[in-house]
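Inspection log for the structure reproduced underneath, given as structure tokens.
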Amino acid sequence: MSTFDPKIIAFCCDQSGYPAADMAGTLKQKLPKNVEIVRVPCAGRIETIYLLKALEKGADGVLVFACFEENCQFLRGNLRAKGRLSYAHRMLEKIGLEKERIEICHLATNSGAKLAETLRRKSEQLKKMGPNPGKI
Amino acid sequence: MIKAEQKPIDEILKYLDPYNKILLSGCGACVTVCQAGGEKEVGLLASGLRMARQKIGKKLEVLEATPARQCEPEFALEMSETIEKVEAVLSVACGVGVQTLVRHFPKMPIFPGVNTTFLGETITHGVWEERCQACGNCVLEKTGGICPISRCAKQLLNGPCGGSSKGKCEIKKEADCAWQLIYDRLKALNQLYKMEEVIPAKRWGVESRDSGLRRIVREDLKV
Amino acid sequence: MPRIGIFIDTLQGSIPAPFQKKISDYVKKLPETAFCLEEENLASSDALNRMGKALEAGGLDGVVIIGGSPKRYETSFQKLRHSLPVNPYLFAVANIREQALWVMADEETAFEKAKAIISKTINTISNSKPIETQSLPLKPEVMILGGGIAGISIAQELASSGIHVFLVEKEPDLGGKALELYRFYNRPLEVQKWMDEKISDVKKNTQITLFTRTELKSVEGHLGRFQAKIQGSYETETILPVSAIVVATGYMTRHETQGIYGHKRVAVLPEMEKLLAEATGPSLDWEGKKLEMVTYLLDGVNEDIKVDSINAVKQALLLQEAFECQVAILCKDVKVAADGMERLYRKAREKGVLFFKYEEAPKLSIVNGQIRVDVKDTAAIQKMDQWPVSILSDLVVTSEAFVPTPETERLSGVLKIHLGSRGFLMEDNPQLLRVRSNRRGIFVAGGCRFPQEVSESLIEARAAAEEVMALLSKGAYSYDLAVAEVDPKKCAVCYTCPRLCPHSAITVERYGEKNVYITSGTGQDKWGAAKVDPASCYGCGICVAECPAKAITLRHLTDAQIYAQMGLME
């Protein structure tokens, strides 16, 4: 268990998550090693299937970094993303996987520290939960 | 259109318990529109099934296919090659689609992945409501276009029951009383006289669903 | 095996030399690498020129930049005068500084991470396709809805820059709400004379085609090709082909007339405005009595709208200075956030206008034919020092409620633009893009977006005119085809994407043959499949993710590219 380094896919939207990730770098915040950053123009681009496939194909957790509600530059992308996460949560619950493996975090372009903290917290949480039993 | 809802995945997993390789077949028509069994849903369900079975150590191989429809013989037979490779088929088409596959693949287990719920209308995106129960003898002309079979809980044909209150149904409190809607509508069309015409009782056992398996034959169309 | 040209950007030393050497050695051994060049600051124009030359030889499937954030390179590429020989969508950036070097626990881990990022990025390139730029011709023809002060001003500005304007007004006359005004609060002009000049200019202007008693019935098409059907009196219908549309339909007011608000000594601001406009003598008469004490009761409704506050202070100053009146203004908050308002407020106070701030609503009662206003003055800090004040007034002037005009909702449906809170038309982004609607090519300005004072309307009108001129000035709209695209063979015509597109860029249209799109509004049938208008698409990808038949792709960010970024096998 001590060598288990959870693999986290972090979807970062161009208007909030991705600049925040850049800022986390500028602030020299330490991120967990096994994080893959995926850049999307809007959280609305994130299909539900990506969330499930991420877990199916080897990730232990998924974080979606999106703008605060009412702040989406494309008006409703982050809200649609929330709906898709709740679909994924319902499926995870029914198949016996922890729904905490998929989470959405709302932030803004200047939230470099928040992004880094969220990733570190998720990594710790996933370490306790253990590797994703559904990964093929 | 036909509206359906996906069955809970734990129920589906029970059906698939004895099998290790299945085809998950969707449908590009009604179930795509009501977001229950189109290509997108097929992908999501397949992923969920694989992970659920991985977790219990009993790998399940899921092939995915979404023909344009599942209720024509040609569409069903198109999938023959793929179906030969699997042990069972999970179909997220409506009940018609499932049974079309059954008729053409009599030796293959075919399971339903959705509950076919009703014939319905889209009220707004993501909200669908029942409008028709395929009674076989449409009375909509006499009721201003509002169906008393599907929208009245008691399927009354000649006016509301005593429980209609403030335009709402006594059986389902949130539902509008169908006969209130019919009255309002006929009034708006200046056709209230139609309400005075008695609609005879439906002959369920003769011209409707209680008459046994219904069939339409068009001799002029038959090849 | 794809051939990739690689550039390593040391970002002026941000990436230390030994680390950079390890990366460089690793990259040079990769089978896909066609060449690997190092630069100290790739975003500089010299370096970009060198890059251009290195790429001229051709034969590459893509380019990978190893350095810092892609946002850095995107902005500098946009400044390039001449384009690079490789399609910009075949470039990818491996952000090893912000995502590896600066955030990993130690250098060893950072190097491993950097290698992983580089190989992911090369993988993304293999899934990328070049994307072309298209140009949409834009004729200098614009339709403006609404002939109020904003509409008229925009029409004049656009006309003077050579754009032909169709000005559509539903009433018989131009002018709108500004016709109720007597004076501006911040300029010594009489509004009606000023308006009359503008209106007569609009009527004479050959660049402006005026339609009065006319309403908008329907709009088809998108930016550059709107087909607006308007209906005038006697049911005459006209179709206006325009490149852009500006909505300046204004707002409406309502006021309470029940109970004491129906009393003859209770009025609203426009009535006072009219009284001041028609005044002759040194004093004013109201319902047979000379006005000596006038009380303004503001913020009863619409607490956050400034219009009535501004006009009240303006009227109060005039009454106090020129008409021997004592004025009291009761409000929840004195709103001075407008150009010159602080000065006006100060002047009003110096001239003797009394201001009372209240928390509880003041009470009105009738005493001997006058209105008695009871209010608790909250100016004192200690609650027990808050004096109850009674003002016996000859006239109480109240503020009106500001509401959207009755056709705003219908217009939002016809134009497919959103309604905001309170039912007014919604802007795209209140801080930056106030005059843009959610739809490219359609602008909103003035009171229809948010009830505002005439000076503010004029500013928004100016901004909207500038936006339109900027859009039309080049005669064409250039855009990359980095947009969503519907595969008509897979489309189930479920109407999910037209409902969900935040920019109303998707309609259901008939496809002639594959890849030949029939433009709507040409009288042909509409049925078949959904179509995304490429010039109106913002590339957000919401429709792509929602489509239940997986019929839509986002050309510059496909499923394959996302799975490549996830670093997972697909």
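Which residues does a label at residue B:81 reach in the stretch B:26-41, if reach means a backbone N under 15 Å from a point 7 Å past the Cα toward the Cβ?
Label zone hits: none.
Considering chain B as a Gaussian network with a 10 Å cut-off on Cα pairs, which listed residue, B:86, B:98, B:31, attains the greatest mean-square fluctuation?
Of the options given, B:86 has the highest mean-square fluctuation.
Starting at the first residue of the stretch C:486-499, write each ³J(HN,Hα) from the Karplus equation 6.51 cos²θ - 1.76 cosθ + 1.60 with θ = phi - 60°, in whole Hz, x for Gly and Pro.
9, 8, x, 5, 9, 5, 9, 6, 8, 6, 5, 5, x, 6
State the answer as a single residue: which of C:348, C:146, C:336 lies farthest towards the positive end of the charge dipole of chain C, with beta carbon charges of +1 for Lys and Arg and -1 for Asp and Glu, about the Cα centre.
The residue sitting most towards the positive pole is C:146.
Counting Lys and Arg as +1 and Asp and Glu as -1, each charge on the Cβ, what is the dipole of the protein assembly as shown about the Cα centre in debye, to the nearest 20?
2160 debye
Using only Cα atoms, find the angle between the long axis of helix C:269-278 and the longest principal axis of chain C, and express it within 0 to 90 degrees, rounded to the nearest 10.
Value to nearest ten degrees: 60.
Using R₀ = 25 Å, calculate the FRET efficiency as 1/(1 + (r/R₀)^6) where r is the Cβ-Cβ separation of residue B:131 and residue B:187; round to 0.05.
After rounding to 0.05, the efficiency reads 0.75.
Greater than 19 Å separation of Cα atoms is the criterion. Which listed pairs, A:53/C:550; A:7/A:128; B:154/B:187; B:7/B:40; B:3/B:154, meet it? Spell out each step's value before the answer.
On the way: A:53/C:550 16 Å; A:7/A:128 13 Å; B:154/B:187 23 Å; B:7/B:40 16 Å; B:3/B:154 22 Å.
Flagged as over cut-off: B:154/B:187; B:3/B:154.
What ³J(HN,Hα) values, in whole Hz, does the Karplus curve 6.51 cos²θ - 1.76 cosθ + 1.60 give for the stretch C:336-347 when θ = phi - 60°, with x put for Gly and Pro?
Per-residue couplings from phi come out as 10, 7, 8, 4, x, 6, 4, 5, 5, 4, 5, 4 Hz.
I need the phi-derived Karplus couplings for the stretch B:101-116: 6.51 cos²θ - 1.76 cosθ + 1.60, θ = phi - 60°, integer Hz, Gly and Pro marked x.
4, 4, 5, 8, 10, x, 9, 9, x, 10, 10, x, x, 10, 9, 6
To the nearest 0.05, how large is the calculated FRET efficiency for residue B:204 and residue A:90 if R₀ is 30 Å and r is the Cβ-Cβ distance?
0.20
Under a point spin-label approximation (7 Å from Cα along Cα-to-Cβ), what is the residue A:121-residue B:56 distance to one decimal in nm?
3.5 nm
Could you give the length gained by full extension between residue C:35 and residue C:76, i.e. 0.36 nm per residue of separation minus their alpha carbon distance, to one decimal place?
Taking residue C:35 through residue C:76 to full extension adds about 12.5 nm, to one decimal.
What nm distance separates the two modelled labels at residue A:28 and residue C:473, each placed 7 Å from Cα along Cα→Cβ?
Simple spin-label model gives 4.5 nm for this pair.
Which percentage, to the nearest 5, of the DSSP beta bridges contained in the protein assembly as shown is antiparallel? Mind showing how you got there, number by number?
Working: 58 of 136 bridges.
Approximately 45 percent, going by the DSSP bridge assignments.
Taking a point 7 angstrom from the Cα of residue C:190 along the C-beta vector, which residues in the stretch C:128-168 have backbone N less than 20 Å away?
Within reach of a label on residue C:190, which here means backbone N under 20 Å from a point 7 Å along Cα→Cβ, the stretch C:128-168 contributes C:149.
Let me make sure I get this right: for chain A, a, b and c are the square roots of the gyration tensor eigenvalues over alpha carbons, sorted descending. Under 1.5 in a/c it's rounded, otherwise prolate if a/b > b/c, else oblate. Which is it? Please report the intermediate quantities before stating the final value.
Values: a/c = 2.15, a/b = 1.17, b/c = 1.84.
Since a/c reaches 1.5 but b/c is at least a/b, the shape of chain A is classed as oblate.
State the extension gain, in nm to one decimal, for the chain segment bounded by residue C:466 and residue C:45, taking 0.36 nm per residue of separation less the distance between their alpha-carbons.
148.5 nm
What do you get for the angle between helix C:149-160 and the principal long axis of chain C? Use alpha-carbon atoms, 0 to 90 degrees, nearest ten.
That helix lies at roughly 50 degrees to the long axis.
Going by average Cβ density within 10 Å per residue, which order do the peptides C:476-484, C:554-562 take, highest to lowest?
Highest mean packing first, the order is C:554-562, C:476-484.
Give a quick list of chymotrypsin sites (Phe, Trp or Tyr not before Pro) in the stretch C:1-76 that DSSP marks as loop, anything other than H, G, I, E or B, with at most 15 other Cβ atoms within 10 Å.
Within the stretch C:1-76, no chymotrypsin sites (Phe, Trp or Tyr not before Pro) qualify (loop, at most 15 other Cβ atoms within 10 Å).
Taking amide H atoms as placed 1.01 Å from N in the peptide plane, list the residues 5 or more away in sequence, or in a different chain, whose amide H sits under 5 Å from that of residue B:61.
B:21, B:22
With everything on Cα atoms, drop me the angle between helix C:45-56 and the longest principal axis of chain C, reported from 0 to 90° to the nearest 10.
50 degrees
Using 1/(1 + (r/R0)^6) with R0 = 45 angstrom and r between the beta carbons of residue B:10 and residue C:134, what's the FRET efficiency to the nearest 0.05? Mind showing how you got there, number by number?
On the way: r = 50 Å, r/R0 = 1.11.
My answer for the efficiency is 0.35.
Nearest 20 debye, what's the magnitude of the dipole of chain A about its Cα centre given +1 on Lys and Arg Cβ and -1 on Asp and Glu Cβ?
200 debye
Sorting C:506, B:149 on the 10 Å Cβ count, fewest up front, what's the list?
Working: C:506 25, B:149 21.
Neighbour counts put them in this order, fewest first: B:149, C:506.
Given the pairs C:198/C:229; B:14/B:58; A:82/C:71, which are separated by over 20 angstrom at their Cα positions?
Cα-Cα > 20 Å for C:198/C:229; A:82/C:71; rest within.
Which trypsin sites (Lys or Arg not before Pro) from the stretch C:21-111 combine a DSSP loop assignment with at most 13 other Cβ atoms within 10 Å?
Answer by residue number: C:29, C:79, C:81.
Neighbour counts of other C-beta atoms within 10 Å: give me C:387, C:286, B:128 arranged from fewest to most.
C:387, C:286, B:128
Would you mind calculating the relative contact order of the stretch C:143-227 from Cα pairs under 8 angstrom and at least 6 residues apart, reporting the percent as a whole number?
Over the stretch C:143-227, the number comes to 34 percent.
Of all DSSP beta bridges located in chain C, what percent are antiparallel, nearest 5?
50 percent
Can you list which of the trypsin sites (Lys or Arg not before Pro) found in the stretch B:114-223 are DSSP loop residues with at most 10 other C-beta atoms within 10 Å?
Hits after loop and neighbour filter: B:166, B:172, B:173, B:214, B:215, B:218, B:222.
Would you calculate the separation in nanometres between label points at residue C:234 and residue C:21, each defined as 7 Å from the Cα along the Cα-to-beta-carbon direction?
9.0 nm
Using only alpha carbon pairs under 8 Å that are at least six residues apart, calculate the relative contact order of chain B and give it in whole percent.
Answer for chain B is 17 percent.
Output the Cα-based Rg and Dmax of the stretch C:164-283 in Å, rounding Rg to one decimal and Dmax to a whole number.
Computed over the Cα atoms of the stretch C:164-283, radius of gyration and Dmax are 19.0, 59 Å.
When all C-alpha to C-alpha distances in the stretch C:9-72 are sorted into bins of 5 Å, what percent of pairs does each bin hold, rounded to whole numbers?
Computed distribution, short to long bins: 4, 15, 27, 25, 22, 7, 0.
Could you tell me the convex hull volume per residue, in Å³, taken over the Cα atoms of chain C?
Given the Cα convex hull of chain C, per-residue volume reads 228 Å³.
Please state the relative contact order of chain C as a whole percent: Cα pairs under 8 Å, 6+ residues apart?
That works out to 13 percent.
Looking at chain B, send over the antiparallel percent of its DSSP beta bridges, to the nearest 5.
DSSP beta bridges in chain B are roughly 50 percent antiparallel.
Between C:461, C:414, C:448, whose Cα lies farthest towards the positive end of the dipole of the stretch C:412-470 when Lys and Arg beta carbons carry +1 and Asp and Glu beta carbons carry -1, centred on the Cα centre?
C:414
Return the long-range amide H neighbours of residue B:90 (sequence gap of 5 or more, or a different chain), with a cut-off of under 5 Å between placed amide H atoms.
Under 5 Å from the amide H of residue B:90 lie the amide H atoms of B:23, B:24, B:25, B:111, each far enough along the sequence or on another chain.
Classify the stretch C:58-119 as rounded, prolate or oblate, taking a ≥ b ≥ c as the square roots of the eigenvalues of its Cα gyration tensor: rounded when a/c is under 1.5, otherwise prolate if a/b is larger than b/c and oblate if not.
Verdict is oblate for the stretch C:58-119.
Rounded if a/c is under 1.5, else prolate if a/b beats b/c, else oblate: with a ≥ b ≥ c from the C-alpha gyration tensor eigenvalues square-rooted, which is the protein assembly as shown?
Here the protein assembly as shown falls in the oblate category.
How large is the helix-only mean residue ellipticity at 222 nm for the protein assembly as shown, computed as the sum of -39500 (n - 2.57) over DSSP H runs with n ≥ 4, divided by its residue count, in deg cm²/dmol to the nearest 500?
-9000 deg cm²/dmol
Could you work out, residue by residue across A:52-63, how many beta carbons of other chains sit within 10 Å of that residue's beta carbon, and then give the average as an integer? Please report the intermediate quantities before stating the final value.
On the way: counts 8, 12, 5, 4, 7, 7, 4, 3, 0, 0, 1, 0.
Taking all residues of A:52-63 together, the mean is 4.
Computed from the coordinates by the stated procedures, all read-outs in this text should not be read as laboratory data. Treat the numbers as computed from the prediction; the structure is a model and nothing was measured. In this analysis, Cβ positions are derived from the backbone assuming ideal geometry, glycine residues included, and neighbour counts consider all displayed protein chains.
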